[in-house]
Amino acid sequence: MGSKWRKGCFSDIAIITMGQSPKGTDCNNLENGIPLLNGPTEFSDWHPYPIQFTTDPKKYAEEGDLLFCVRGSTTGRMNWAEQKYAIGRGIASFRHRLGKEYHAYLRALVEYKLPILLQSATGSTFPNVSRTQLLELEIDVPFGEAALAISRIIDSLDKKIYLNQQTNQTLEQMAQTLFKSWFVDFDPVFDNILCNANYQLENLPADFPDELRPKAKQRLTAPQNNPEKTSIEREKNGNKAFPSEFEFNEQLGWIPKGWEDGSFEKVADALSGYAFKGKDFSVDGYAVIKIKNISTDRTVSIFDVNRIPPEIGISASRFLLSDGDIIMAMTGAGSVGRFGVIASESNEPYYLNQRVCKLSPKLKNGIPFLFAALNKTGVEEGIFKGAQGSGQPNISANGILATKLLVPNVKSIELFNTLLMEAFNQKITLRKESYTLTKLRDTLLPKLISGELQVSSLRTSGEKTA
């Protein structure tokens, strides 16, 4: 411990709020009320993605608070509150008494003391951390500016990790925006039709559907459909990868000509995971990816994994996962249909566990389209509805592939994949970089919190060495 540190309790530096769950009748998933967190299901690498709301919140976490799971097998998992939340009994919130500048230090301290907290948690199969245990947790409190300096060091690493996450979210949003434009709103098809009509609504074919004319009129305002452009420029607007007509489908209404009212079976193959036995798992070896590793933000956590010896992995080589693979949960209420993308740490081997499915595109380099199609609004809910069983819903690999999908022509899918492949690969690269930063952070953290490494020997961002 550093020479200028003193013994104290967590309550000396932290304000703790224990969650309290509202009544079920006051909860909804219609975004009515304040977002509600009951546990880590909604957690991502940084902040939650709420799926429940309540009109009668009991306890709150304020923006900037540290969220901490206090119940069950996920006790100790943490996230930042990027907005005000109602918190149920599975969550506690922490904030530093000196303000948000110290919150990175607060989280680092909790991470450092987490093994002690978990050891003291009551309940062997369903551990709980009480308010008293948190308040009375013994800590070493640095004097002066040491805590702030530690906070700034950890915060600089955390913010880089967060920036990577934000960049990935932006790339994903861009991909979904393009997917919606092309394969939901059919913008390129309208553009082709307008190009053929010399950008004059009166030149549209006589049999052009009346219900599509408002959308055609709207598309005239798009920059690429400027009627002042030369005829050569207009020709460039016509995208040959897309049709120039619509046709009527009994189930879907007007769809681009040649597109199919089909299912994911047309664009993907599915592989169910391997049934590893309990005796196969060990402390060391290759990682096995389970349902619990699939996050709601479409990523796959690789830090809380079971492992198998290499010799077991050899016999299960068919279930070896690679960077960019899409995997999906096949079992569990709130889990069925949830999917994420594999990004390995140092190219470590990962294996697919039972009740998790790997979805592979039929087209070469077809991951961007498959990911965007799965990420389309309503698809995950559709997969969940196809699951069987009321208490513990399950779906088969074939059941996932049977989920309905409007299947575009191959050329349009290939064009989408070509445009988005680089962005998809960049997401994998940034996630791998975050793993490296996380390792550095986790190496520094115990040395800083214990005082083994003096902050005076480190240069914090924007400051001179103390």
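If the chain linking residue 135 and residue 23 were pulled fully straight, counting 0.36 nm for each residue of separation and taking away their Cα-Cα distance, it would gain 37.6 nm. Diffusion coefficient (Stokes-Einstein, Kirkwood radius over C-alpha pairs, 25 °C, 0.890 mPa s) for the stretch 5-143: 161 µm²/s, rounded to a whole number. The chain gives an Rg/Rh value of 1.04, both radii derived from C-alpha positions and Rh following Kirkwood.
Anything over 24 Å Cα to Cα? Flag those among 84/292; 358/385; 376/427; 160/427; 215/257; 180/215, in the order listed. Over 24 Å apart, Cα to Cα: 84/292.
Between residue 281 and residue 51, the FRET efficiency from the beta-carbon distance, with R0 = 30 Å, is close to 0.50.
If I model the stretch 1-87 as equal point scatterers sitting on the Cα atoms and use the Debye formula, what is log10 I(q)/I(0) at q = 0.17 Å⁻¹? With one equal scatterer per Cα and no solvent, log10 I(q)/I(0) is -0.72. For the pair residue 347 and residue 436, a Förster radius of 22 Å applied to the C-beta separation gives a FRET efficiency near 0.95, rounded to the nearest 0.05. Scoring 425-436, 66-77, 21-32 by mean Cβ neighbours within 10 Å over their residues and listing the highest first yields 66-77, 425-436, 21-32. Students often get this wrong: which residues of the stretch 182-198 have the backbone nitrogen under 13 Å from the point 7 angstrom along Cα-to-C-beta of residue 208? Inside the label zone: 189-198.
Each listed q (0.12, 0.13 Å⁻¹) maps to a log10 I(q)/I(0) for the stretch 265-407 from the Debye sum over equal C-alpha point scatterers, namely -0.46, -0.54.
Would you calculate a helix-derived [θ] at 222 nm for the chain, using -39,500 (n - 2.57) for each DSSP H run of n ≥ 4 and dividing by the full residue count, to the nearest 500?
Mean residue ellipticity at 222 nm (helix-derived): -10500 deg cm²/dmol.
Counting only other residues whose beta carbon sits under 15 Å from that of residue 406, what net charge do I get with K and R as +1, D and E as -1? Local net charge: -2. Measuring from a point 7 Å past the Cα of residue 177 along Cα-to-C-beta, which residues in the stretch 414-444 have an amide N at less than 19 Å? Counting backbone N atoms under 19 Å from the label point, the list is 416-427.
A straight Cα-to-Cα reach below 19 Å connects residue 159 with the aspartates and glutamates 45, 63, 65, 82, 101, 111, 297, 433, 442, 463, residues fewer than 8 places away in its own chain not being considered.
Every number here is computed from the coordinates shown, using simple stated rules; none is lab data. Keep in mind that what you see is a predicted model, and the values were worked out from it rather than measured. Ideal geometry is used to build each Cβ from the backbone, glycine not excepted, and the neighbour counts take in all protein chains shown.
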